[in-house]
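S.K.: This is the structure I want to talk about, given as structure tokens.
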Amino acid sequence: MAEIRVDSVRKTFGKVKAVWDVDLTVHDQEFVVLLGPSGCGKTTLLRCIAGLERVDQGRVFIGQQDMTDLPPKRRQIAMVFQSYAVFPHLTVFENVAFGLRMQRKPKDEVEKRVQSAAELLHIEELLERYPAQLSGGQRQRVAVARAIAVESLVLLMDEPLSNLDALLRLEMRAELKRLLREIEATTLYVTHDQVEALSLGDRIAVMEGGQILQYDTPLNVYDKPANLFIGGFIGNPPMNFLDGEVRTEDGRVMVRTGGGDIYPPAEAGAMLSQLKDRSVLVGIRAENIETLPAPAEDALQATVLVVEPLGSHNLITMQLGPERIKVNTDADFQAQPGQALWLRLTADKIRWIDKASGRALHYD
Amino acid sequence: MKRKRTVLSSRLIGRGLVYLAAILIALWILIPIYLIAMAALSPRDVIYDWPKPLFPQAISVETMQFFLNSYQVLPSLRNSVIVALLALVVSLVIGAPAGYGLARYVFRGQDVFRVAILSTRAFPIVILSIPLGVIFRQWGMYDSLISVALLHVAMALPTTILVTSSVFMGVSKELEEAATVFGCNRVQAFMRVALPLALPGLAASAIFTFVLSWNEVFAATILTLFNRTLPALMIVQLDAAPVAFRFAGGFFILIPAIVFMFFIRRYLFSLWGITLK
């Protein structure tokens, strides 16, 4: 296994900048997810690393070796395709053995490695069948088995679960995570599904417009989005963003938002008081808002619009001043539309965002 | 209620008319084939019977035997097979790569190129064969099977290219990419993945060329003198030949075309965008 390093790679299609000056390092045995909406360039970046696209500029290293000008077969990679790309004219056995046969491995080694890959993916029973006789989920397993059988330096996966139905996807997700940990693969995984990204990745690279906006652990990407776009793209419901105005009274920094005042923690306050135009976006996740039935200090008054019981918790949409806000409460929390409630934003969970640039203001 | 019934009945009538038209067209094609086949398989004296019996009275190979033993029939049959095989191989060797290129690569002027391929069919064989006859004579290729085969290649190439391109389009690009990732170069990926998957379609296109060459009369007649292909021989002898010879010859030339139709139906339909259920 080895690390992947992408060095200021550019790829354009005509006038479209699919990938623009991207740097990315995936450490040995790390599982990195490329996450972004469709058309953000994540698949193009993966294909550049695989050698299926030629980069316009920049370098691609796999395991310290410069692979930029090498064809896919010499990059020592394995890949799982979105459509699975299982060869229809070959049996499952021959599909899994394909890479090994191309490497001219001796017969008993091919046999052994196909067997162990098949066991890992629970497809031992299917080895003699043709892909047309398999279900979508089984074909998916064949594609993964084929990729791990070659024991390549790195494993590339292009939305491997997106063609499965919801239940199967959930099952495969957990199984992939177990499997990839077991074989200690360096993996780069492309998806547009944020839940998949959060649950699988050691780190997530969020892409948009051909660039990587944030590259961090799932928790940090979720809790501390680098900008407005990421906060809105990741998480269900998306992060709430409230207009805020910074004031200083008696030396204390406060932010006026949703018809009330909130008091940022000291460091954030110091940073906010430096702002020139004094306007800021208050980013807060639905679960970081405390719902109170009665007025309290530094709680903002809101009116209930919609209550959605989701089993494990309730999702309540409320009118807060001129804005709407989504709040999670316990499943047994009772509320009626029209009812007034008081919201307390957990101050140290707030993400302060510069209104003009949409970028998060860093203070840690 | 009444309205519903009229809508229903007019739909039924419409359907009936479609079926009627289909049956008429089918009969228009099938009746002559049936009569030819019956005559070819009847004893020679029955052919002259009138009124014609609707069903064969006695099946015999006598007429067919007479045809096959006639002067020059067997050598020209051999010529026909050689020409058709040559045309098949050459048109596939040139046409399949062109079709693959059209299917896999996006390039400037692609649509113009597609139309340009078809436009070669805009020249009637008549216009092509006579100047070609002159040129072949100058080059010392006149009255050779190769020159006939080359002209047949020219006729078959547009369809070969377009059919093979649609066949290769049916083979997912990701499959070939997967092959390159797992250790193939471009040529190996083509040979190990694209080609086996395209093979049935390529075979259909090859059979199409074979039958086209097998049936082609005009160019073969113009470009040969002694080395006739079977249709060229027939067209020259038809006036002088007895009726039994004509029926037997017609039937003999017909068989490959009918057999071929059953083979390539599916591929022609997929080319035309119709799917057979």
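S.K.: Counting alpha carbon pairs within less than 8 Å and at least 6 residues apart, what relative contact order, in whole percent, applies to chain B?
M.R.: 28
S.K.: In the structure shown, do any of A:Lys224/A:Lys326; A:Lys15/A:Lys326; A:Lys17/A:Lys326; A:Lys42/A:Lys355; A:Lys177/A:Lys355 have a Cα-Cα gap over 29 Å, and if so which?
M.R.: Working: A:Lys224/A:Lys326 18 Å; A:Lys15/A:Lys326 40 Å; A:Lys17/A:Lys326 35 Å; A:Lys42/A:Lys355 27 Å; A:Lys177/A:Lys355 38 Å.
Exceeds cut-off: A:Lys15/A:Lys326; A:Lys17/A:Lys326; A:Lys177/A:Lys355.
S.K.: Another question, if that's okay. Which helices, counted as full DSSP H runs in chain A, have an axial Cα extent of no less than 24 Å and a Kyte-Doolittle average of -1.0 or above?
M.R.: A:166-183
S.K.: Another one. Are there any residues in the stretch A:79-113 with a reduction of at least 50 Å² in accessible surface when going from the isolated chain to the assembly of protein chains? Probe 1.4 Å, please list them by number.
M.R.: SASA drop of 50 Å² or more in the stretch A:79-113: A:Phe81, A:Phe87, A:His89, A:Phe98, A:Met102.
S.K.: On each of the three principal axes of the Cα atoms of the stretch A:181-271, give max minus min coordinate, whole Å, ordered largest first.
M.R.: 60, 23, 21
S.K.: Select from the stretch A:213-283 those chymotrypsin sites (Phe, Trp or Tyr not before Pro) which occupy a DSSP coil region and have at most 11 other Cβ atoms within 10 Å, ordered by residue number. Mind dumping the intermediate values first?
M.R.: Details: sites: A:Tyr215, A:Tyr222, A:Phe229, A:Phe233, A:Phe241; in loops: none.
Sites meeting the loop and neighbour criteria: none at all.
S.K.: Over 23 Å apart: what share of the alpha carbon pairs of the stretch B:1-155 falls there, rounded to a whole percent?
M.R.: Result: 69 percent of Cα pairs exceed 23 Å.
S.K.: I've got another one for you. For the B and A pair, go ahead and give the buried accessible area with a 1.4 Å probe, both sides summed, in Å² to 100.
M.R.: Interface between B and A: roughly 1700 Å².
S.K.: Calculate the length of the line joining the C-alpha centroid of the stretch A:186-220 to that of the stretch A:72-109, in whole Å.
M.R.: Their Cα centres are 27 Å away from one another.
S.K.: List the pair-distance distribution P(r) of the protein assembly as shown, using every Cα-Cα distance, as the percent of pairs falling in each 20 Å bin from 0 up to the bin containing the longest distance, rounded to whole percents.
M.R.: 14, 30, 27, 18, 8, 2, 0
S.K.: Report, in whole Å, the centroid distance computed from the Cα atoms of the stretch B:121-188 and the stretch A:126-168.
M.R.: 38
S.K.: Mind running the shape call on the stretch A:4-233? Use the C-alpha gyration tensor, a ≥ b ≥ c as the square roots of the eigenvalues: rounded below 1.5 for a/c, prolate if a/b tops b/c, oblate otherwise.
M.R.: Prolate, since a/c reaches 1.5 and a/b exceeds b/c.
S.K.: Right, another one. Using DSSP H assignments, which helices in chain B have an axial alpha-carbon span of 24 Å or above and a mean Kyte-Doolittle hydropathy of -0.5 or higher?
M.R.: Passing helices, by number: B:2-40, B:73-104, B:145-169, B:195-215, B:243-272.
S.K.: For the stretch A:31-87, rounded, prolate or oblate, judged on the Cα gyration tensor with a ≥ b ≥ c (square roots of eigenvalues), a/c < 1.5 rounded, else prolate if a/b > b/c?
M.R.: Judged from the Cα gyration tensor, the stretch A:31-87 comes out oblate (a/c at least 1.5, b/c at or above a/b).
S.K.: State, to one decimal in nm, how far the label point of B:Ile13 lies from the label point of A:Ala266, with both points 7 Å from Cα in the Cβ direction.
M.R.: It is 9.4 nm.
S.K.: At 0.890 mPa s and 25 °C, plugging the Kirkwood radius over alpha-carbon pairs of the stretch A:240-354 into Stokes-Einstein gives what diffusion coefficient in µm²/s?
M.R.: Answer, rounded: 169 µm²/s.
S.K.: Measuring with a 1.4 Å probe in the full set of protein chains, what accessible area per residue, in whole Å², belongs to the stretch A:1-68?
M.R.: On a per-residue basis, the stretch A:1-68 sits at 43 Å².
S.K.: Still on this structure: Given Cα pairs under 8 Å that are at least 6 residues apart, what percent is the relative contact order of chain A?
M.R.: Numbers: 764 pairs, mean separation 56.2, N = 364.
Averaging sequence separation for qualifying contacts and normalising by length gives 15 percent for chain A.
S.K.: Kirkwood Rh, the stretch A:1-120, all Cα pairs: how many Å?
M.R.: 16.1
S.K.: Would you please name the trypsin sites (Lys or Arg not before Pro) within the stretch B:104-194 that are DSSP coil residues with at most 14 other C-beta atoms within 10 Å of their C-beta?
M.R.: B:Arg108
S.K.: OK, next. Which GluC sites (Glu not before Pro) does the stretch A:79-173 hold that lie in a coil by DSSP with at most 13 other beta carbons within 10 Å?
M.R.: Hits after loop and neighbour filter: A:Glu128.
S.K.: When averaged across all projection directions, what area in nm² does the alpha-carbon convex hull of chain B cover? Display every interim value, and only then the final one.
M.R.: Numbers: hull surface 93.1 nm².
If I average the Cα hull's projected area over directions, I get 23.3 nm².
The values are calculated or read from the model by the stated rules, or taken from the named source; none is laboratory data. Everything numeric here is computed off the predicted structure, so don't read it as measured data. No Cβ is skipped: glycine too gets one built from the backbone with ideal geometry, and neighbour counts run over all protein chains shown. Note: areas computed on protein heavy atoms with side chains; ligands, DNA, RNA excluded. Shrake-Rupley method; radii C 1.70, N 1.55, O 1.52, S 1.80 Å.
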